[in-house]
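Each reported figure results from applying straightforward, stated rules to the coordinates on display, with no laboratory input. Computed from a predicted structure; not experimentally measured. Note that each Cβ is placed from the backbone with ideal geometry, even for glycine, and that neighbours are counted across all protein chains shown.
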Amino acid sequence: MVPALRYLSGACSRARGGFPGGFSAARRPAQGRPWPLCQGGRRASTRSFDVVIIGGGIVGLASARALILRHPTLSIGVLEKEKHLAVHQTGHNSGVIHSGIYYKPESLKAKLCVQGAALIYEYCKQKGISYKQCGKLIVAVEQEEIPRLQALYERGLQNGVQGLRLIQQEDIKKKEPYCRGLMAIDCPYTGIVDYRQVALSFAQDFQEAGGFVLTNFEVKDIEMAKEIPSRSKDGKMKYPIIIRNTKGEEVQCQYVVTCAGLYSDRISELSGCNPDPQIVPFRGDYLLLKPEKCYLVKGNIYPVPDSRFPFLGVHFTPRMDGSIWLGPNAVLAFKREGYKPFDFNARDVMDIIIKSGLIKLVFQNFSYGVNEMYKACFLSATVKHLQKFIPEITLQQQTMKVSDNDIYCFLWHCFGLLLTGSTCSFK
């Protein structure tokens with residue numbers, strides 16, 4: 001089994017001159033130029049690092065940044081299978097800075113989310129990254145939802161979420177003039193940001209500190225070295241782990257940290273660790289509000305979640321570009337990185353059927369799943385749900401096109417696990 005990341009002490013000194021074949025030590029770019037990425041050489045060759053992080057999304061880049069800032073004597077490399085960083089889950093999400101209200105008190109997720117939100121705001125201010133602290137209303141539209149709403153409010157207080165308050169109909173109208181509801185939780189600390197921009201800033205910090213990024217490096221195999229090319233003074237193998245990509249190129253290291261997003265289970269298995277829990281990909285379908293109707297929504301508007309189901313439900317989400325997203329639903333995807341309805345990958349489908357707990361998930365949430373499939377096929381069902389909160393939302397279909405009405409196009413996104421990884425990335 002490949003060793004996990006342990007406490008890093010007595011680290012080897014970093015070679016500042018760079019590595020042949022594409023790895024070069026980071027240097028500050030000329031003023032006004034984008035930060036360069038170190039890309040893999042065309043020849044198969046071996047390079048060595050103290051720590052390698054697999055995955056160039058926001059979690060991997062945040063981990064790399066934190067490691068190199070805390071342990072500046074280490075040589076650290078990030079491996080990313082795509083040409084560019086942060087193009088999958090980091091670049092395909094609603095961009096919400098979560099406050100931490102939903103999670104079990106004293107749980108690690110709750111602690112990380114509350115602390116991570118504060119650090120994200122602080123970091124964006126320091127780096128000049130645009131964000132909006134537009135707040136969120138969690139709205140009860142039915143009498144039966146009020147006990148759940150009150151319980152959620154108490155949970156948020158236990159988690160230390162800032163500024164929470166329960167508000168009545170008149171205060172709902174003050175916050176969201178077009179929103180209808182009996183009672184709501186006002187969560188002013190929730191915000192929005194472009195997480196890909198945050199991730200690329202992490203990458204710049206990492207490279208400025210001397211880190212290395214290798215793109216176009218899709219990991220195929222992880223194994224322990226059989227030969228002994230070099231040993232440290234105590235006689236132990238210096239770089240015992242070999243990471244090989246699909247082109248036959250190799251990287252050697254002492255430690256591996258895996259942050260592989262939708263492929264985290266497969267990379268975990270390659271490293272000799274347990275692949276569970278298995279990834280079951282779901283695609284979220286969003287509607288986009290027409291620009292001239294965006295005045296209907298000022299901040300995030302969420303329904304009261306039903307604890308029987310694993311999703312938060314359809315909601316209203318403002319974006320940094322001024323648009324308003326409505327959704328998502330949750331539909332089983334047939335490809336892990338499939339952002340379109342008919343994207344298909346045979347291996348991904350076989351893994352879903354054979355390896356994952358899909359059957360158990362289906363039986364536990366059968367009625368919910370059928371309802372999500374129905375809403376995905378019939379837009380009027382989604383709009384009817386949205387009208388519970390804002391009755392002015394309408395949909396008029398003409399020749400099977402969603403146009404010339406309030407809602408006029410789809411955004412297709414894919415997500416694997418409903419975690420607030422982006423908000424928690426600082427912690």
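Here are the numbers:
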item	result
Partners for K81 among lysines (Cα-Cα distance below 20 Å; same-chain residues under 8 apart left out)	K220, K247, K335
Simple Cβ-charge dipole of the stretch 119-189, Lys/Arg +1 and Asp/Glu -1, about Cα centre, in debye nearest 20	380
Approximate spin-label separation Y121-Q150, in nm, with each point projected 7 Å along Cα-to-Cβ	2.9
Rounded to whole Hz, the Karplus (6.51, -1.76, 1.60) HN-Hα couplings of the stretch 261-276, x for glycine and proline	x, 5, 10, 4, 5, 5, 5, 4, 5, 4, 7, x, 9, 6, x, 7
Distance (nanometres) between label positions extended 7 Å along Cα→Cβ at D306 and E142	0.7
Residue list for the stretch 124-157, given a label point 7 angstrom along the Cα-to-Cβ vector of R180 and an amide N cut-off under 14 Å	140-143
Rounded to whole Hz, the Karplus (6.51, -1.76, 1.60) HN-Hα couplings of the stretch 56-65, x for glycine and proline	x, x, 5, 5, x, 5, 5, 5, 4, 4
